[in-house]
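J.: Take this structure, written in C-alpha cells, and hold onto it; I'll ask about it next.
The values are calculated or read from the model by the stated rules, or taken from the named source; none is laboratory data. Owing to the predicted nature of the structure, the values given are computational and were not obtained by experimental measurement. Glycine gets a Cβ as well: all are built from the backbone with ideal geometry, and neighbour counts include every protein chain shown. To get the accessible areas, we keep the full protein, side chains included, count just its heavy atoms, and leave off ligands, DNA and RNA. Shrake-Rupley method; radii C 1.70, N 1.55, O 1.52, S 1.80 Å.
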Amino acid sequence: MKNRFPISIGILSFSLFGYSQDTITVAKKDLLEKVTAANLQIQLAQKTYQATKAEYRQSNALFLPNITASHTGISTTNPLMAFGSKLNQEILTASDFNPELLNNPTKTQNFATVISIQQPLLNADGLYERKAAYAKMQAYQLQTERTIEYLQLEVSKAYMQLQIAYKAVTVLTKARATAEANGKLIDNYFKQGLVQKTDVLNVQIRVNEVSNQLQYAKSNIQNASDYLGFLLNEDTKNKIYKPSEELESTISVSEATTEVPENRKDIQAMVLSTSAYQKMYLSSKMNFLPRLNAFGSYELYDQTLFGTKAKGYVIGAQLSWTVFDGYKSIGKMAKAKADFQKATIETAQYKKQSQLEVNKTNRQLMDSENKVKLSQLAFEQSQEAYRIRQNRFAQGLEKTTDLLQSETQTIQKELEHLQAVFEYNFTKEYLQFLTN
C-alpha cells in the first residue's frame, strides 16, 4: 500500500502504440464499484468468509438431533446371534429352548431396520466452541470488508497512475514540439553561419532524447492500464484505459486525522479473532465437565428383506465424564491458553503498529504538501528562466547548451511537480484508509 508510482520516464523498455488498440474511457466512481464485484482477491476473501460461515453452521449440531437410518441383513449359525435374532423377530417358541437347538442352531436369517436419534442436552465445551466459531465468522466478514476498502484504495491509486501517465505524455509531446522548433531555429542559424555544427548536433540529440522519453511515457500508460485491468479482472490485450478526469496540477488541503479508530474493520477483526481464541480456551476448560445426551431408536425386525413384522424401541439418556485421558485435555487447555495470550499480544502490537503508520503518514502528508508548493515554485521559476534564455538566445547573448539545459530543466520541474501532486493525493487517500 505504500509504494509510489514513479514518474521517471526511463523505467520501462518496450513500445506500445505500434499496433491498433482500443481506448476505453473510464470514470473513477465506476471503477470503485466494479472492483468490488470483479476483483479476484475480494472473491477469495468472500469464499474464506463463506467457509467460516459454514463452520459456524456445523455447530448447530450442538442443539439439533442426529438422526440415522440403517437396514442390516445377516445369516448366522452362531448360537447367541441366532437366538437373539429369533427373539427380536418375536418368533421364539418353546422348542427353541431345546439345549441341542440352542447349542447347534440351524441357519437363521435376520433383517433389521433401525432409526436412531441422538439429542445433545448439556455440552458446556460445545457451547463455547460455537461462540468461538461465531466470533471467527464475524472476524472474516470484517476482513472481507477491509479487503474491499484496500482494493478500492488500489484502484484509486491505479487511476491516479493512469492520470499522471497521460499527463506525462502531454508534457513530453509539448516538449518534443518545442525541441523540434528550437532545432529548426538553430539549423537556420547554422546555415547563416551564426552557430557551430556542434550546436546543431546537440539540438538533434535533445530531440532524440525527448522522443525516447515520450515513447517510454506511452509505455507507462499501458502498464498503468494493465494494472488497472488486473484489479478489475479484465483482459487488457489490445486495449488501454483513459481516465475521464485529468490530473489536477493543484491540491486540496484538508485537516488530517491523527488517531487510529477502534472501529476500523481490520482492528475489529483482530479483536474478534482474540475473542475466538478466548472462547476456545474456555471450551478446553469446560472439557473437564460431564456431558449429558439423550438417545433413542425405533427398530424393525423380520426374516425377509425390508420386513417389518416385529417392532421395538429404546429410549435413554447418558451422562458421561472423562475423568482422565492421559493429559490430553490438560495439554489441549494449555495450548488454548497460549494461543489466546498470543492473540492478545498480537492485537496490541497491531494497534501500536497501526498508530505508528498513521503518525508516519501524517508526516508524509505534510512533507508532500510542502513538496507540492516548492515544486510548483521551481516549475514557475524554470519557465521564466527558459523564457529569458530564449529571448537572449534570439539576440545572440546565450549559448545553445544553456538554452537546451534550461529547456530540459523546465520539463524536469514540470514532471517533478506532477509527481509531487500524485504523491500528495495518494498519501491523503492512504491516510483516509488508515483512519477509516
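J.: Answer yes or no as to whether residue 322 is within 44 Å of the chain's Cα centre (by Cα), loosely packed, with under 14 Cβ neighbours inside 10 Å and modelled with pLDDT under 95. Walk me through how you get there before you give the answer.
T.: Working: within 44 Å of the chain's Cα centre (by Cα): yes; loosely packed, with under 14 Cβ neighbours inside 10 Å: yes; modelled with pLDDT under 95: yes.
Considered against the rule, which asks whether it is within 44 Å of the chain's Cα centre (by Cα), loosely packed, with under 14 Cβ neighbours inside 10 Å and modelled with pLDDT under 95, residue 322 comes out as yes.
J.: With the checklist (1) within 30 Å of residue 74 (Cα to Cα); (2) at pLDDT below 95; (3) open to solvent by less than 70 Å² (accessible area, probe 1.4 Å); (4) not basic (Lys, Arg) in hand, flag the one item residue 299 doesn't pass.
T.: So residue 299 meets the others, but not (2).
J.: Between a first residue in segment 66-78 that is farther than 27 Å from residue 294 by Cα and touching a residue at least 24 places away in the same chain (Cβ under 8 Å) and a second residue that is among the small types (Gly, Ala, Ser) and surrounded by 10 or more Cβ atoms within 10 Å (Cβ to Cβ), which pairs have beta carbons less than 6 Å apart while being 6 or more apart in sequence or on different chains?
T.: 76/82
J.: Next question, about the same structure. Within segment 269-290, identify whether any single residue is over 30 Å from residue 143 (Cα atoms) and over 40 Å from the mean Cα position of the chain (by Cα), and answer yes or no.
T.: First, the residues of segment 269-290 that are over 30 Å from residue 143 (Cα atoms): 287-290.
Remaining after also requiring over 40 Å from the mean Cα position of the chain (by Cα): 289-290.
Yes - at least one qualifying residue is present in segment 269-290.
J.: Is there any pair with a first residue in segment 164-189 that is closer than 20 Å to residue 202 by Cβ and a second that is open to solvent by 20 Å² or more (accessible area, probe 1.4 Å) and among the polar types (S, T, N, Q) whose Cβ atoms are under 6 Å apart and which are 6 or more apart or on different chains, and what are they?
T.: 172/213; 176/211
J.: OK, next. List every residue pair whose Cβ atoms sit under 8 Å apart, with the two residues 6 or more apart in sequence or on different chains, where the first one lies in segment 416-430 and is more than 13 Å from residue 157 (Cβ to Cβ) and the second, anywhere, is aromatic (Phe, Trp, Tyr) and in a helix (DSSP H, G or I).
T.: Correct list of pairs: 416/379; 417/379.
J.: Checking residue 92 against (1) within 30 Å of residue 124 (Cα to Cα); (2) free of Cβ contacts under 8 Å to residues at least 24 places away in the same chain; (3) among the hydrophobic types (A, V, I, L, M, F, W, C), which test does it fail?
T.: Every listed condition holds for residue 92 apart from (1).
J.: Can I ask one more? Kindly establish whether residue 276 is surrounded by 14 or more Cβ atoms within 10 Å (Cβ to Cβ), among the aliphatic types (A, V, I, L, M) and either under 30 Å from residue 89 (Cβ atoms) or touching a Pro at 6+ places or on another chain (Cβ under 9 Å) (or both). Lay out the reasoning, then the answer.
T.: Values: surrounded by 14 or more Cβ atoms within 10 Å (Cβ to Cβ): yes; among the aliphatic types (A, V, I, L, M): yes; either under 30 Å from residue 89 (Cβ atoms) or touching a Pro at 6+ places or on another chain (Cβ under 9 Å) (or both): no.
In short, no.
J.: Continuing with the same structure: Specify which of the listed residues (48, 147, 106, 52) is in contact (Cβ under 8 Å) with a residue 12 or more places away in the chain and either surrounded by fewer than 14 Cβ atoms within 10 Å (Cβ to Cβ) or touching a strand residue (DSSP E or B) at 6+ places or on another chain (Cβ under 7 Å) (or both).
T.: 106
J.: In addition: Looking at segment 366-409, which of the residues that are of a type in the set (D, E, K, R) and outside any helix (DSSP H, G or I) is least open to solvent (accessible area, probe 1.4 Å)?
T.: Among those residues, the one meeting the criterion is 398.
Every residue, every condition in (1) modelled with pLDDT under 90; (2) outside any loop (DSSP other than H, G, I, E, B), yes or no:
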| site | (1), (2) |
| --- | --- |
| 82 | no, yes |
| 87 | no, yes |
| 92 | no, no |
| 101 | yes, yes |
| 113 | no, yes |
| 119 | no, yes |
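J.: In segment 186-239, which residues are closer than 30 Å to residue 398 by Cα, part of a helix (DSSP H, G or I) and open to solvent by less than 60 Å² (accessible area, probe 1.4 Å)?
T.: Within segment 186-239, 186, 187, 189, 199, 200, 202, 203, 206, 207, 210, 211, 214 meet the criteria.
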